[in-house]
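Heads up: the structure comes next, in structure tokens.
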Amino acid sequence: MHWLFKLFSLLPLRVLQVIGAGIGGLSFKLSATLRNRTKENLALAGYSDELLPERIGRNTGRQALESLWVWYRPAETVLKQVSVTPRADQLIRDAMLGQRPIVFMTPHIGCFEVLPVWLAATYYEKTKRKIAVLYRPPRNPILLKIVGKARQAPGIDACPTTITGIKRVIRG
């Protein structure tokens, strides 16, 4: 499966987004469990737009394939897609150059996988501060091996949300 993910990652980002949206939309249509869970969560959050659940399905698939592109492409290629406002850059620079620990909370909106790549590429050499990324280990044993390994890069320490992973984050 690893080779398949690498092969997919060679496709242009826009092509991956289209394929991902198709897979996500199809998964949403075929899985009553996924559909019902999404609708329940949206209702609990106060959303009633009937088109939103299907859009979420498509965007989930899109995001999954974007992640492959980020994980398997060189950081330089990924960073060409990143734009940072001067204010955000200054805030992050000040924090990274300081000595205090920092916690970046990234919602699963857009391609959240890019932030650690950008932080490591921009600040690791200057500060030697590694970025610890917490992730929930997949249940699938094949994906478990791939996801942790794919997120590892110079300056990035991918830590599973297990006791061992949490200890790694705390120890720095």
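The values are calculated or read from the model by the stated rules, or taken from the named source; none is laboratory data. Computed from a predicted structure; not experimentally measured. FYI the Cβ positions are ideal-geometry reconstructions off the backbone, even for glycines, and counts take in every protein chain you see.
Tabulated data for the structure shown
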{"read-out": "When residues of the range 1-26 are limited to those that are of a type in the set (Gly, Ala, Ser) and at pLDDT 95 or above, the one farthest from Gln81 (Cα to Cα)", "value": "Gly25"}
{"read-out": "Residue match in the range 43-54 (condition: without any contact (Cβ under 8 Å) to a residue 60 or more places away in the chain and within 17 Å of Val114 (Cα to Cα))", "value": "no"}
{"read-out": "Residue check for Lys128: at negative phi and basic (Lys, Arg)", "value": "no"}
{"read-out": "Lone qualifier among Val82, Val78 - being closer than 28 Å to Arg62 by Cβ, crowded, with 17+ Cβ neighbours inside 10 Å, β-branched (Val, Ile, Thr) and touching a residue at least 12 places away in the same chain (Cβ under 8 Å)", "value": "Val78"}
{"read-out": "The listed residue being in contact with a helix residue (DSSP H, G or I) (Cβ under 7 Å, 6 or more places away or on another chain) and among the hydrophobic types (A, V, I, L, M, F, W, C), out of Ala64, Ala32", "value": "Ala64"}
{"read-out": "Which numbered condition Arg58 fails, given (1) among the basic types (Lys, Arg); (2) farther than 29 Å from Ile146 by Cα; (3) outside the structural domain of Ala120 (by TED's automatic domain parsing)", "value": "(2)"}
{"read-out": "Selection from the range 148-167 of residues that are surrounded by fewer than 17 Cβ atoms within 10 Å (Cβ to Cβ) and part of a helix (DSSP H, G or I)", "value": "Lys149, Ile163, Thr164, Ile166, Lys167"}
{"read-out": "The one condition in (1) modelled with pLDDT of 95 or more; (2) outside the structural domain of Arg151 (by TED's automatic domain parsing) that Leu65 fails to fulfil", "value": "(1)"}
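Residue-by-condition table, conditions (1) modelled with pLDDT of 90 or more; (2) in a helix (DSSP H, G or I):
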{"site": "Thr60", "(1), (2)": "yes, yes"}
{"site": "Met96", "(1), (2)": "yes, yes"}
{"site": "Phe104", "(1), (2)": "no, no"}
{"site": "Pro107", "(1), (2)": "no, no"}
{"site": "Gly110", "(1), (2)": "no, no"}
{"site": "Leu134", "(1), (2)": "no, no"}
{"site": "Leu143", "(1), (2)": "no, yes"}
{"site": "Ile146", "(1), (2)": "no, yes"}
